[in-house]
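The values are calculated or read from the model by the stated rules, or taken from the named source; none is laboratory data. On a predicted model such as this, the values are computed, not experimentally measured, just so you know. Here the Cβ is made from the backbone with ideal geometry for all residues, glycine too, and neighbour counts use every protein chain on show.
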Amino acid sequence: MKILVLLAIFSLVLFPKAYSIQLSPESKISLLTCAPGDEIYSYFGHSAVRINDPQVGIDFVFNYGVFSFDTPNFIWRFTKGETDYMLYGYRMASFMEEYQKDQRSVYEQVLNISQSEKQSLFDALVENAKKENRVYRYRHFSDNCSTRVRDQFEKCVNHQLQYDNLQDTKLTYRNLVDQCVPGNSWNGLGIKLALGIPADKVTTYSQKMFLPNYLMNSMASAVVVKDGVKVPFVLPKTTLFDAKRISSGFSLSSPAIVVNLFFLCVVFLTFIEYRRKKRMIWLDFMVFFLIGFAGILLSFLCFISVTEATGWNLNLVWALPTHIIFAFLWLIPSLRPKLDWYLKFTAGIVLLFLITMVLLPQSFHWLVVPICLTILMRTYGSLKLGLYVKKSIG
């Protein structure tokens with residue numbers, strides 16, 4: 001869903017001409033499915049519609065995944081979940097060039113529909129691509145490049161598309177995201193921590209099609225009834241480009257390594273602190289500042305952003321944004337005895353969270369456990385040493 005170069009130029013060239021085009025019997029309309037990439041915007045893959053008519057001399061793609069960085073207040077609106085996407089059309093050669101450069105496989109499924117249905121679908125796409133119609137508010141789970149294509153396909157056959165949903169499995173939005181997002185990457189950790197209780201809702205068969213791969217597989221088994229006979233909606237899938245993916249392999253900077261090593265370091269330093277009877281204030285500051293900063297980000301996504309599925313996030317139980325205020329107050333020696341209650345409160349809710357997390361209506365990333373144990377280690381260390389130890393480090 002990466003913004004592509006020269007889209008506006010191509011659309012200006014193509015669409016004034018496209019309004020009067022009548023597709024020939026040789027025309028083919030197909031679903032293009034692009035494999036996921038390594039960048040955060042490409043984790044979920046991409047869907048588009050190809051119009052290929054050699055007799056008329058057109059071969060271009062309708063792409064619902066285009067956005068512009070020039071949109072006013074783009075960064076703010078993006079973080080708030082108010083990003084507007086657009087439908088653009090451009091040449092198939094340019095589309096393939098982009099995905100070949102990014103080493104992302106491209107698959108094609110030609111639609112097995114009548115000439116009148118082809119024309120109806122083509123006209124609908126052209127109408128949707130007009131300047132006054134092309135912009136829509138992007139919703140990752142309910143209104144994206146994949147769901148828009150699905151809706152156009154269903155309309156072109158008068159909503160007679162029948163899916164093979166007998167083998168459908170119960171999966172939540174979080175389960176589906178887990179299939180696409182690298183678990184041991186910082187982007188992946190951030191995405192999974194950001195998802196709240198709404199992400200644990202079980203999806204219907206149709207809702208799963210927000211993922212391009214599910215749309216591709218659903219169309220492969222879908223049928224329509226023609227003259228009383230069920231016929232496949234698409235022809236067998238063909239591969240237009242088979243990318244050679246290179247696995248990322250082991251990395252010392254991965255979240256699993258960093259978080260667990262940090263926890264072990266905190267355990268070791270807390271033990272040293274206890275033996276020497278000297279407080280490491282700088283370590284308390286680091287732990288509470290980092291977790292408090294994460295809490296501020298999660299609070300923004302939970303209470304201000306309108307991004308789907310980031311509301312009611314129970315990770316805020318341990319990632320309290322107030323931790324960042326406590327971190328700075330803790331640097332003032334005279335205030336430490338008065339903050340005993342905050343340490344006890346934090347230790348209590350984090351311990352309760354760890355005990356009950358499997359019963360809560362939200363699933364959690366496994367790295368939440370060592371993070372919570374890190375918090376407990378510092379609150380326990382501070383309370384065990386006592387608030388009135390005069391010697392401190394930092």
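So, restricting to helices (runs of 4 or more DSSP H) that lie completely within the range 89-193, which ones have at least 2 residues that are among the acidic types (D, E)?
Answer list for the range 89-193: 92-101, 115-128, 145-156.
When you scan the range 132-141, do you find a residue that is more than 26 Å from Y41 (Cβ to Cβ) and crowded, with 20+ Cβ neighbours inside 10 Å, even just one?
Looking for residues that are more than 26 Å from Y41 (Cβ to Cβ) and crowded, with 20+ Cβ neighbours inside 10 Å, one finds none in the range 132-141, hence no.
For every residue, the table says whether it meets (1) of a type in the set (S, T, N, Q); (2) in contact (Cβ under 8 Å) with a residue 24 or more places away in the chain; (3) in the same structural domain as N63 (by TED's automatic domain parsing).
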position	(1), (2), (3)
K101	no, no, yes
K130	no, yes, yes
R150	no, yes, yes
N158	yes, no, yes
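Looking only at the range 251-269, count how many residues are modelled with pLDDT under 90 and part of a helix (DSSP H, G or I).
The total comes to 0.
What number of residues within the range 220-275 satisfy the criterion of being touching a strand residue (DSSP E or B) at 6+ places or on another chain (Cβ under 7 Å) and hydroxyl-bearing (S, T, Y)? Walk me through it before giving the result.
Filtering the range 220-275 down to residues touching a strand residue (DSSP E or B) at 6+ places or on another chain (Cβ under 7 Å) leaves 220, 222-224, 230-235, 237-241, 269, 273.
Among the residues that remain, those that are also hydroxyl-bearing (S, T, Y) are: 238-239.
Result for the range 220-275: 2.
Run down M219, M209 and say which single residue is surrounded by 16 or more Cβ atoms within 10 Å (Cβ to Cβ), touching a Ser or Thr at 6+ places or on another chain (Cβ under 8 Å), touching a residue at least 12 places away in the same chain (Cβ under 8 Å) and in a helix (DSSP H, G or I). Steps first, please.
On the way: M219 fails: touching a Ser or Thr at 6+ places or on another chain (Cβ under 8 Å).
Exactly one residue qualifies, and that residue is M209.
For the range 300-310, what are the residues that are in contact (Cβ under 8 Å) with a residue 12 or more places away in the chain and within 12 Å of K80 (Cα to Cα)?
Of everything in the range 300-310, those that are in contact (Cβ under 8 Å) with a residue 12 or more places away in the chain and within 12 Å of K80 (Cα to Cα) turn out to be F300, L301, C302, I304, S305, V306, T307, E308, T310.
Considering the range 39-55 alone, what residues qualify as being outside any helix (DSSP H, G or I) and exposed (fewer than 15 other Cβ atoms within 10 Å of the Cβ)?
Residues of the range 39-55 that are outside any helix (DSSP H, G or I), as a first pass: 39, 43-55.
Hits for the range 39-55 are E39, P54, Q55.
Report, by residue number, each residue of the range 300-349 that is in contact with a strand residue (DSSP E or B) (Cβ under 8 Å, 6 or more places away or on another chain) and in a helix (DSSP H, G or I).
Once the filter is applied, which keeps residues that are in contact with a strand residue (DSSP E or B) (Cβ under 8 Å, 6 or more places away or on another chain) and in a helix (DSSP H, G or I), the range 300-349 yields only P333.
What is the number of the single condition among (1) under 23 Å from V149 (Cα atoms); (2) surrounded by fewer than 18 Cβ atoms within 10 Å (Cβ to Cβ) that F95 does not meet?
Result: F95 passes all but (2).
V181 versus (1) crowded, with 16+ Cβ neighbours inside 10 Å; (2) at pLDDT 95 or above; (3) within 22 Å of the chain's Cα centre (by Cα): which is the lone unmet condition?
V181 satisfies all of (1) crowded, with 16+ Cβ neighbours inside 10 Å; (2) at pLDDT 95 or above; (3) within 22 Å of the chain's Cα centre (by Cα) except (2).
Can you tell me which of (1) in contact with a helix residue (DSSP H, G or I) (Cβ under 7 Å, 6 or more places away or on another chain); (2) under 15 Å from C34 (Cβ atoms); (3) of a type in the set (S, T, Y); (4) modelled with pLDDT of 95 or more is the one Y90 doesn't meet?
Unmet for Y90, out of (1) in contact with a helix residue (DSSP H, G or I) (Cβ under 7 Å, 6 or more places away or on another chain); (2) under 15 Å from C34 (Cβ atoms); (3) of a type in the set (S, T, Y); (4) modelled with pLDDT of 95 or more: (4).
Could you list, in sequence order, the residues of the range 149-176 that are charged (D, E, K, R), over 27 Å from D227 (Cβ atoms) and surrounded by fewer than 19 Cβ atoms within 10 Å (Cβ to Cβ)?
Those that are charged (D, E, K, R), over 27 Å from D227 (Cβ atoms) and surrounded by fewer than 19 Cβ atoms within 10 Å (Cβ to Cβ): D168, K170.
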